[in-house]
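Shown next, in structure tokens, is the structure this report addresses.
The values are calculated or read from the model by the stated rules, or taken from the named source; none is laboratory data. Predicted model, so just to flag it, every value in this text is computed and none were measured. Heads up, the Cβs are rebuilt from the backbone with ideal geometry, glycines too, and the neighbour counts pull from every protein chain shown. Quick note on the areas: whole protein, heavy atoms, side chains included, nothing else; ligands and nucleic acids left out. Shrake-Rupley method; radii C 1.70, N 1.55, O 1.52, S 1.80 Å.
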Amino acid sequence: MTDLLASLSHALADHYTIDRELGHGGMATVFLARDLRHRRPVAVKLLRSELSGAIGPDRFLREIEIAARLSHPHILPLFDSGSTNGLLYYVMPYIEGESLRQRLDRERQLPIQDAVRITREVGDALGYAHSLGLVHRDIKPENILLSHNHAVLADFGIARAVAAAGGEKLTETGLTLGTPSYMSPEQATGDELDGRSDQYSLACVLYEMLVGEPPFLGRSAQHVLARHVMDPVPPPRTVRAAISPTLERVLLQALAKAPADRYAAMPQFTEALVALELSGPQPTLVVRSPAPAQSIAVLSFLNMSGDPDNDYFGDGIAEELINLLSGIKGLHVPSRTSAFAFKGTKTDTRTIGQALNVRTVLEGSVRKAGNRLRITAQLINADDGYHLWSERYDRDMADVFEIQDEISQTIVKALQIQLTPERQRSLVKRYTDNPDAYNAYLKGRYHWNNRPLGTPKAIEYFEQAISIDPEYSMAYAGLADCYSHLGSWENGGMPPREASSQATAAASRALELDDGLGEAHSSMAYVSLHFDWDWPSAERGLERAIALSPSYPTAHHWRSHLAMAMGRVEESLTESRRYLELEPTDLIANFHLVWHYWLARKPEPALDQGWKTLELHPAAFWPLFGLGLACEEQKHMEEAIAHFQKALIMSNGKGFVRSALGHAYGVAGARDQAVQALEELEDQSLRQYTPAYDRAVIYAGLGDRDRAFEWLERAYDERSSWMSYLKVEPRLDILRSDPRFAMLVRKVGLV
């Protein structure tokens, strides 16, 4: 590979600087390079030597010119192509993001709305190419790139060029066009292909996004191809009940064995998917009746700039308005999570009002170009869709606070809310006067709301905001939450001692700057609760946070944890339900009620809430993890193990899920599997931080008290957040009669 890289670097030196290998597949090796003329990163694909020899440069380059002429927003363009030292190459844009394969490896099943949207976007690209007489021939998750929340189809025309130029010589190399799991029956049998073959392949990809695996698997490529030709497609709803009968019908028609039984062309397939998006399904939400007279839902402001990178600003403006309106006494404002559940949908205002139990809805749009803003806002009566007020603001970025204040004052007036004279003067509390710092802060909030993957980026932008304005208290509070999250048992991205040190410093600075900031008190209370085990400080901090920000969901969340850790079970469950009322659709709010029922030794309501959470979030692993805990508490070990196994796959091997599975194996008497889980945790610890508590739990399941206590002591030294729940953790019951357990409980301060 070194010789190949050196040869390529030398041959392309006038136009490209080769950086490093990005990966390789059956046909080509991909390199990251820099386009010297245009100063941009590019991807250079170098075909395998035997393939280049079989094709020949003249015919390949002649055929690939057709692919170079394709121009579509969901097709990755072809910049350049050529040959060097007998090897063929082509150059494409380098896309930052990930492939659909990488996302599926991480999530296994995608949210139904995401899966349909990705399929529709790829289908639009294919429909355009089919109209020009081009068939892709190799649709698979590896060739679908995800950039800025949109799908881009890669390698378009490459397979066609290889097939047309290579002919029979291709067979002699031992290579085949297409990937068995996604090949149409006619492609498997070598028949003539048209666009309906790509339709079948794309439907296989949609099936995998929904179900977690392609429609057909087998012991060999030949076996898989035979199943495509002969076997009926397993109905996807037997695996995932949340798939609607209509979506299943559309999918199965595209997967018909005979091309004539599929949609006549790709546009008909995508139109069927568009119809699904327009008609539902709508998010499952808690409905209360009647709606309070003074109530409003603030939806995410639509990004009209044409640049997906500006999505953060529309979200940020809406979130800021939610936060300041939530502070008005007597005004009911659904949380960000609930209101943003409708982002990207075409749900009508009346449906949103009914689902969120509000009388009015605020929606808007943002166009941001440099420091210039155009913000529109409309206040709508949710009962009849009538516009109560609308306005457009063409201002500079420095005026964003005045815009927010004007919108808020208009809402207060329209809803006939009485304010004190002081609040009437200004509703918006400025935490910075610097628009650049505020802009960086909004980016930080945007990435924080996409945690855990967004947490590193959130830290970067919060720190950027602080570097611009060192007295920006809200940015310090956001930074504290990021580090706390990295050190928590749920994330495990950083050793807790290191994370808590960073979180403490940031929260302390936020409080120095503004002792009246409820978010900062909540951030500091989290550290006191989960890392310092300073229970009185945690209690005082959360009381202060809730007094300052009564509708701040996170403070109620942490107070439910504090009460549970101290054994005040009913108080904890009351706070958990309060948190869920504030965040009715939020995954974590729903899961934590499952978790708290389990800690409270109430497996029946834990199971009930677990299934409700799974219905709301069918693609998430958290509900399965909670169901596993509840089943184990009921001694239903086979069911518990099955739930943990699924959760482990869907979580991409989370350590605490593997620990729960290992514990269940141990309790069930499957010693070999429990030991294997321990070994896998050891292997994982070589690549990343793995909490000591995870191993202690498995040893407890195996009944090895000495090793369990050894690892619990290490967890104590690490300041593991799981140690906060020693008093109520069911999986450690086998250790409670041992004097060493009482000593640990005292060390954590829970006596």
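Would you mind checking which residues have amide H under 5 Å from Trp389's amide H? H placed 1.01 Å from N; only 5 or more apart, or other chain.
Correct list: Leu379.
For Val42, enumerate residues with amide H under 5 Å from its amide H, sequence gap 5+ or separate chain, H modeled in the peptide plane.
HN-HN under 5 Å from Val42: Ala33, Arg34, Asp35, Tyr94.
Quick one: pull the percent of accessible area on the chain belonging to carbon and sulfur, 1.4 Å probe, ligands and nucleic acids left out.
Carbon and sulfur: 48 percent of the exposed surface of the chain.
List the pairs from Lys140/Lys368; Lys457/Lys747; Lys329/Lys457; Lys257/Lys646; Lys635/Lys747; Lys329/Lys429 whose alpha-carbon separation is above 24 Å, in the order I gave them.
Where the Cα-Cα span goes over 24 Å, the pairs concerned are Lys140/Lys368; Lys457/Lys747; Lys329/Lys457; Lys257/Lys646; Lys635/Lys747.
So, in Å, what gap is there between the alpha-carbon centers of segment 363-380 and segment 126-151?
Taking the Cα centre of each part, segment 363-380 and segment 126-151 sit 33 Å apart.
In the full protein assembly as shown, how much of Lys747 is accessible to a 1.4 Å probe, in Å² to the nearest 10?
Its accessible surface works out to 80 Å², give or take rounding.
Can you run phi through the Karplus equation (6.51, -1.76, 1.60; θ = phi - 60°) for segment 596-604 and list ³J(HN,Hα) in whole Hz, with x for Gly and Pro?
Calculated HN-Hα couplings, in order: 6, 4, 5, 4, 7, 6, 10, x, 5 Hz.
Calculate the all-directions average of the projected area of segment 430-548's alpha-carbon convex hull, and give it in nm².
6.6 nm²
So what J values fall out for segment 83-92 if you push phi through Karplus, 6.51 cos²θ - 1.76 cosθ + 1.60 with θ = phi - 60°, rounded to Hz, Gly and Pro as x?
Working through the residues one at a time gives 9, 8, 6, x, 9, 9, 9, 8, 10, 10 Hz.
What distance in nm lies between label points placed 7 Å from Cα along the C-beta direction at Asp706 and Asp191?
Distance between the two pseudo-spin positions: 6.9 nm.
Relative to the longest principal Cα axis of the chain, at what angle does helix 671-685 sit, 0 to 90 degrees, rounded to 10?
Rounded to the nearest ten degrees, it is 90.
How far, in degrees from 0 to 90, does helix 473-487 lean away from the longest principal axis of the Cα atoms of the chain, to the nearest 10?
70 degrees
Give the aspartates and glutamates whose C-alpha is closer than 15 Å to that of Lys45, dropping any in the same chain fewer than 8 places away, or say none.
Those aspartates and glutamates meeting the cut-off are Asp19, Glu21, Asp35, Asp80, Glu142, Asp155.
Can you give me the long-range amide H partners of Ser99? Hydrogens built in the peptide plane at 1.01 Å from N, cutoff under 5 Å, separation of 5 or more residues or another chain.
Those qualifying (amide H under 5 Å, at least 5 residues apart or on another chain) are Leu146.
Rounded to the nearest 500 deg cm²/dmol, what is the calculated helix-only ellipticity per residue at 222 nm for the chain, with -39500 (n - 2.57) per DSSP H run of length n ≥ 4?
Value at 222 nm, helices only: -16500 deg cm²/dmol.
Using all alpha carbons of the chain, what is the percent of pairwise distances in each 10 Å bin, ordered from the shortest bin to the longest?
3, 12, 20, 23, 21, 15, 6, 1, 0
Pairs of alpha-carbon atoms within less than 8 angstrom and 6+ residues apart define the contacts here; what relative contact order does segment 385-506 have, in percent?
17 percent
Arranged from highest to lowest average of other beta-carbon atoms within 10 Å per residue, in what order do the peptides 216-228, 365-377, 556-568 appear?
Final packing ranking: 556-568, 365-377, 216-228.
How much length, in nm to one decimal, is gained on full extension between Ser537 and Arg740, taken as 0.36 nm per residue of separation minus their Cα-Cα distance?
70.4 nm
Mind checking the full-extension length gain between Leu32 and Glu391? Use 0.36 nm per residue of separation minus the Cα-Cα distance, one decimal, nm.
Length gained between Leu32 and Glu391: 124.5 nm.
Relative contact order for the chain using alpha-carbon pairs under 8 Å, separation at least 6, rounded to a whole percent?
7 percent
Please report the antiparallel percentage of DSSP beta bridges with both residues in the chain, rounded to the nearest 5.
The antiparallel fraction comes to roughly 90 percent.
Using the basic label-point model (7 angstrom from Cα toward the beta carbon), what is the Val675 to Arg350 distance in nanometres?
6.7 nm
Which loop GluC sites (Glu not before Pro) in segment 180-269, with loop taken from DSSP, have no more than 15 other Cβ atoms within 10 angstrom of their Cβ?
Glu192
Rounded to the nearest whole Å², what accessible area per residue is found for the chain with the 1.4 Å probe?
That works out to 42 Å² per residue.
For segment 618-630, what does the Karplus curve 6.51 cos²θ - 1.76 cosθ + 1.60, with θ = phi - 60°, yield as ³J(HN,Hα) per residue in whole Hz, taken in order and with x for Gly and Pro?
x, 9, 9, 8, 4, x, 5, 4, x, 5, x, 4, 5
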